[in-house]
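Below is one structure, written out as structure tokens, with a few remarks after it.
The values are calculated or read from the model by the stated rules, or taken from the named source; none is laboratory data. Here the structure is a predicted model, which means the values were calculated and not measured. Cβ: placed from backbone, ideal geometry, glycine included. Neighbour counts: every protein chain shown. Remember, those area values only see protein heavy atoms, side chains included, never the ligands or the DNA or RNA. Shrake-Rupley method; radii C 1.70, N 1.55, O 1.52, S 1.80 Å.
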Amino acid sequence: MGWRSFVAVGDSFTEGMDDAYPDGSYRGWADLVATRLAAEVGPEFRYANLAIRGRLFLNVVAEQVPVAVAMKPDLISFAAGGNDVLRRNFDSQSLVARYDRVIGRLRSGGADVVVFRFADLMARLPGQRLVAPRVKLLNQAVGETAERHGAIMVDLFADDTFLNPMLWSTDRLHLSPAGHRRVAGQVLTALGVGCDEEWLLVPPHPQPSPWLAARAADLRWAGRHLAPWVKRRLTGRSSGDTVTAKRPLLGPLAD
């Protein structure tokens, strides 16, 4: 099937952090998928990316979903909830029910919808006991909802390659360029569209660090990434407070 229009909805995962273009803006898996789909369809292909880093599930649904539905695209990707599972006030039952409703809404307009079971990134992050069960619950809801509504599910959790730290950026939370390429490859595979084989190549695992060096790296990570994140939570701010969607209009890829 040749999708002639694609709208990406979500948070930093879909915005493309941390896969930077030379100008410092972010590319990410969605841009890569759009480029491949455009090559299939031709110059009439249209693409919008509404995703903004730091957005919680309700923000994505309230701010982005109505815009995406109004654009009436052939294909919509939806990935949200990753920021919610990190919050102390996470309400699992409410999010699961809302997830089902939003996918039903996106599908009701006739668009094909891509959803994601999130990769396991907790091995190198604090709070595993609290967060891992939440991710498991969200992933279960994604699978069940996809089956109910006929959505296209990309199961990143089942891909053990994402246990390789080379697929993650230095903040240990966002994907590296290699990680985004792999996600793009999996999305295109799920859509039945070929991709560059290099996107699915597995980078070699880094050599294990001596204990002292690893603990020093943990301390540097905590100072550079964890402490600012905690400060934002305490002050009620988000990394996306001053950020707008990078492609808010459905238009040709060259725009």
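Scan region 95-111 residue by residue and report those that are open to solvent by less than 50 Å² (accessible area, probe 1.4 Å) and more than 23 Å from ARG232 (Cβ to Cβ).
Hits for region 95-111 are VAL96, ALA97, TYR99, ASP100, VAL102, ILE103, GLY104, LEU106, ALA111.
Of everything in region 1-44, what is basic (Lys, Arg) and over 13 Å from VAL187 (Cβ atoms)? Give them in sequence order. Write out each step before concluding.
Here is the first cut: in region 1-44, the ones basic (Lys, Arg) are 4, 27, 36.
Matches in region 1-44: ARG4, ARG27.
Here is a yes/no grid of residues against (1) part of a helix (DSSP H, G or I); (2) open to solvent by 30 Å² or more (accessible area, probe 1.4 Å); (3) in contact with a Pro (Cβ under 7 Å, 6 or more places away or on another chain):
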position: LEU37; (1), (2), (3): yes, no, no
position: PRO43; (1), (2), (3): no, yes, yes
position: ASN59; (1), (2), (3): yes, yes, no
position: GLN64; (1), (2), (3): yes, no, no
position: VAL69; (1), (2), (3): yes, yes, no
position: PHE78; (1), (2), (3): no, no, no
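Suppose the filter is crowded, with 24+ Cβ neighbours inside 10 Å and closer than 21 Å to PRO252 by Cα; does PHE13 pass it?
Numbers: crowded, with 24+ Cβ neighbours inside 10 Å: yes; closer than 21 Å to PRO252 by Cα: no.
Answer is no for this residue.
Among (1) assigned to a helix (DSSP H, G or I); (2) surrounded by 19 or more Cβ atoms within 10 Å (Cβ to Cβ); (3) in contact (Cβ under 8 Å) with a residue 40 or more places away in the chain, there is one condition ALA119 misses while meeting the rest; what is its number?
Only one criterion in (1) assigned to a helix (DSSP H, G or I); (2) surrounded by 19 or more Cβ atoms within 10 Å (Cβ to Cβ); (3) in contact (Cβ under 8 Å) with a residue 40 or more places away in the chain is unmet by ALA119, namely (1).
Which of the residues spanning region 183-193 are touching a residue at least 40 places away in the same chain (Cβ under 8 Å) and open to solvent by less than 40 Å² (accessible area, probe 1.4 Å)? Break it down stepwise before answering.
As a first pass, look at region 183-193 and keep what is touching a residue at least 40 places away in the same chain (Cβ under 8 Å): 183-184, 187-188, 190-193.
Within region 183-193, VAL183, ALA184, VAL187, LEU188, LEU191, VAL193 meet the criteria.
Within region 168-236, which helices (runs of 4 or more DSSP H) (wholly inside it) include 3 or more residues that are in the same structural domain as LEU37 (by the TED database) and modelled with pLDDT of 85 or more?
Numbers: elements: 177-191, 211-221, 227-235.
It comes to 177-191.
I need the full set of residues from region 145-166 which are touching a helix residue (DSSP H, G or I) at 6+ places or on another chain (Cβ under 8 Å), in a helix (DSSP H, G or I) and modelled with pLDDT of 95 or more, in order please. Break it down into steps so the answer makes sense when it comes.
The first filter runs over region 145-166 and keeps only residues touching a helix residue (DSSP H, G or I) at 6+ places or on another chain (Cβ under 8 Å), leaving 145-146, 148-157, 159, 161-163, 165-166.
With in a helix (DSSP H, G or I) added as a condition, the list becomes 145-146, 148-149, 161-163, 165-166.
Matches in region 145-166: THR145, ALA146, ARG148, HIS149.
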